[in-house]
1. Can you give the accessible area per residue of the chain, in Å², using a 1.4 Å probe?
2. Return the whole-Å distance between the Cα centroid of the range 7-42 and the Cα centroid of the range 82-106.
3. Quick one: net charge around ARG44, please, counting Lys, Arg +1 and Asp, Glu -1 for every other residue with C-beta under 14 Å from its C-beta.
4. With the contact rule set at Cα under 8 Å and sequence spacing of 6 or more, what percent relative contact order holds for the chain?
5. Could you compute the net charge surrounding TYR93? Neighbours are other residues with a C-beta less than 15 Å from the C-beta of TYR93; K and R count +1, D and E count -1.
6. Viscosity 1.002 mPa s, temperature 20 °C: what is the translational diffusion coefficient of the chain from Stokes-Einstein with a Kirkwood Rh over Cα pairs, rounded to a whole number of µm²/s?
7. Counting only pairs 8 or more places apart or on different chains, how many lysine pairs in the chain have C-alpha atoms closer than 17 Å?
8. Of all DSSP beta bridges in the chain, what percent run antiparallel (nearest 5)?
Amino acid sequence: VQLQASGGGLVQAGGSLRLSCAASGRTWSSYVMGWFRQAPGKEREFVAHISMGDGKTLYTDSLKGRFTISRDAAEKTVHLTMNTLKPEDTAIYYCVATKPRLRVGVRRSEYDYWGQGTQVTVSS
């Protein structure tokens with residue numbers, strides 16, 4: 001599975017961005033795609049994921065209400081809509097995907113495939 005992310009860039013605080021990630025190669029009827037991010041000098045952290053089969057979502061609590069993950073299962077694409085962006089949202093955002101699993105959580109080790117990362121910079 002290859003993951004191609006797009007949509008990063010520079011935005012002012014309070015603005016919005018939409019990231020997209022397209023999967024190519026082998027996929028399955030039930031798998032998860034999502035996003036992690038890594039800010040300068042910090043650990044890579046889970047942002048959100050969505051089940052490509054039934055659309056169930058999981059978010060890190062601190063981002064609920066500002067970030068929304070959605071999917072186009074037929075296109076094997078996920079989107080991350082980020083609203084009311086803050087300077088602390090500045091990070092490299094990584095698209096991720098899993099092989100089919102019964103449960104997928106927030107640990108990096110649970111994700112089998114990683115995209116190359118896209119930079120999001122929020123200016124104050």
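1. Details: 6500 Å² over 124 residues.
Per residue, the chain has an accessible area of 52 Å².
2. 6 Å
3. That sum, taken over residues with Cβ under 14 Å, equals +1.
4. 35 percent
5. +3
6. Approximately 150 µm²/s, per Stokes-Einstein.
7. On the way: LYS42/LYS86; LYS56/LYS64; LYS56/LYS76; LYS56/LYS99; LYS64/LYS86; LYS76/LYS99.
Lysine pairs meeting both conditions in the chain amount to 6.
8. 90 percent
The values are calculated or read from the model by the stated rules, or taken from the named source; none is laboratory data. All values derive from a computational prediction rather than experimental measurement. Methodologically, a virtual Cβ is constructed for each residue, glycine included, from the backbone with ideal geometry; neighbour enumeration extends over all protein chains shown. Protein only, heavy atoms only, side chains kept; ligands, DNA and RNA dropped before computing areas. Shrake-Rupley method; radii C 1.70, N 1.55, O 1.52, S 1.80 Å.
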